[in-house]
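Okay, so here's the structure we're looking at.
Values in this text are rule-based calculations from the coordinates and carry no lab data. Bear in mind the structure is a predicted one, so any value in this text is a computation, not a measurement. All Cβ positions, even for glycine, are placed from backbone atoms using ideal geometry, and neighbour counts span all protein chains on display.
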Amino acid sequence: MHGELKSAWCLACDTRSPWAGAMGRGAPCPSCAATGTVRPDIVWFGEMPYEMERLDEAVRNCDLFVSIGTSGAVYPAAGFVQTARYVGAHCVELNLEPSQGSIFFQETRLGRASEIVPAWVEELLA
């Protein structure tokens, strides 16, 4: 959804390539050798996340939706819980504090993710 930090995206040839190290303005594209056209292969604020159609389909077909560690304030991801709830999924929020979308979850558990996530998974599998 948000891309990969260890990947580069060339805006000249639209190629994505594995990347390690610094990525400056003069970095050449490993595929087409253009310079000044390579950027991190991540979604910046204001850009549409990757794979939105696939994500929307997955949310529309889920029966359990779990949100872990988010403010619930950044769309479109913040709207996933509303879609999941609309299609009848059980929605669980595992977070340090209630998110801005807490009202849409049937179940909210608060605490450190390192503690509440393993406990919830253990319950789920029991």
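Please report Ile68, Ile116 as a ranked list, fewest other C-beta atoms within 10 angstrom at the top and most at the bottom.
Lowest to highest Cβ neighbour count: Ile68, Ile116.
Going 7 Å from the Cα of Arg16 toward and past its Cβ, which residues in segment 23-55 have a backbone nitrogen under 14 Å from where you end up?
39-44, 48-55
With unit charges on the beta carbon (Lys/Arg positive, Asp/Glu negative), name the residue among Gln82, Phe65, Gly36 whose Cα is farthest towards the positive pole of the charge dipole of the chain.
Highest projection toward the positive end goes to Gly36.
Work through the residues other than Ala119 whose Cβ is under 14 Å from its Cβ and net out their charges, Lys, Arg +1 and Asp, Glu -1.
Neighbourhood net charge equals -2.
Only loop residues by DSSP count here, and only those with at most 12 other Cβ atoms within 10 Å; note down the chymotrypsin sites (Phe, Trp or Tyr not before Pro) in segment 39-95 that meet that.
Trp44, Phe45
Sort by residue number and name the cysteines in the chain that have no neighbouring cysteine Cβ under 4.7 Å.
Cys62, Cys91
Out of [x] 50, 26, 25; [y] 52, 29, 27; [z] 33, 29, 28, which label holds the value of Cα extents along the principal axes in Å that was computed here?
For Cα extents along the principal axes in Å, the calculated option is [y].
Rank these for me by crowding, Ser99, Ser114, Ser31, Ser71, going from fewest to most other beta carbons within 10 Å.
Ser114, Ser71, Ser31, Ser99
Quick check: Cα centre of segment 73-120 to Cα centre of segment 2-53, how many Å?
Going from one Cα centre to the other spans 31 Å.
Where in segment 1-33 is the amide nitrogen less than 13 Å from a point lying 7 Å along the Cα-to-Cβ axis of Val43?
Answer for segment 1-33: 1-4.
Would you kindly state the longest site-free stretch of the chain, with sites defined as trypsin sites (Lys or Arg not before Pro) in a DSSP loop (not H, G, I, E, B) surrounded by at most 15 other Cβ atoms within 10 Å?
Here the longest run is 26-111.
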